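Have a look at the structure below, then the notes.
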Amino acid sequence: MERFAFVIHPLDVRDVARKFSFTRFLPASVVEWAIKFLPPQKVAHITGIRSPYAEAEGWFVSCPLTARQIMSLPPDYVVEKIIQAGHLAEMLGAKILGLGAFTKVVGDAGVS
């Protein structure tokens, strides 16, 4: 069975409230400040992917930075968070890693 992971991130603080509902009562600046200290997390386990030739399973792994943070924080900090998400994906068993949304525009688009 093939295993993959896809790195996702919240586009803005409203997306953070989907996972952590209490954050909707906090100012956006507080939420953005706090989430940058969180480690990457497993968000979802995807199963049941089948074709006549193979099966696959995977995970959505969060990079806990909003789109604004990804574009404004130092690139080294952002890249390190994405690498941490990759390490989590590897620990889950993923052999292929996809970069979603703004994670692919940091550095050299995931080439190195």
* To do: Tell me which residues, restricted to the stretch 12-30, are β-branched (Val, Ile, Thr), more than 15 Å from ILE70 (Cβ to Cβ) and at pLDDT below 95.
  => THR23
* Regarding LYS42, is this residue within 20 Å of LEU99 (Cα to Cα) and at pLDDT below 95? -> no
* Asked: If you take the residues in the stretch 96-105 that are among the β-branched types (Val, Ile, Thr) and closer than 17 Å to ASP12 by Cα, which one is modelled with the lowest pLDDT?
  -> VAL105
* Asked: Residues that are without any contact (Cβ under 8 Å) to a residue 40 or more places away in the chain and touching a Leu at 6+ places or on another chain (Cβ under 9 Å): which strands (runs of 3 or more DSSP E) entirely in the stretch 29-112 hold 1 or more of them?
  -> 41-50
* **Subset of the stretch 61-76 [more than 25 Å from PHE4 (Cα to Cα) and surrounded by 20 or more Cβ atoms within 10 Å (Cβ to Cβ)]** => GLN69
* Asked: PHE22 versus (1) assigned to a loop (DSSP other than H, G, I, E, B); (2) over 20 Å from PHE102 (Cβ atoms); (3) aromatic (Phe, Trp, Tyr): which is the lone unmet condition?
  -> (1)
* Structure fact -> The condition of being among the polar types (S, T, N, Q) and at pLDDT 95 or above holds, among SER62, SER51, only for SER62
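The values are calculated or read from the model by the stated rules, or taken from the named source; none is laboratory data. What you are looking at is a predicted structure, and each value in this text was computed from that prediction instead of being measured. Heads up, the Cβs are rebuilt from the backbone with ideal geometry, glycines too, and the neighbour counts pull from every protein chain shown.
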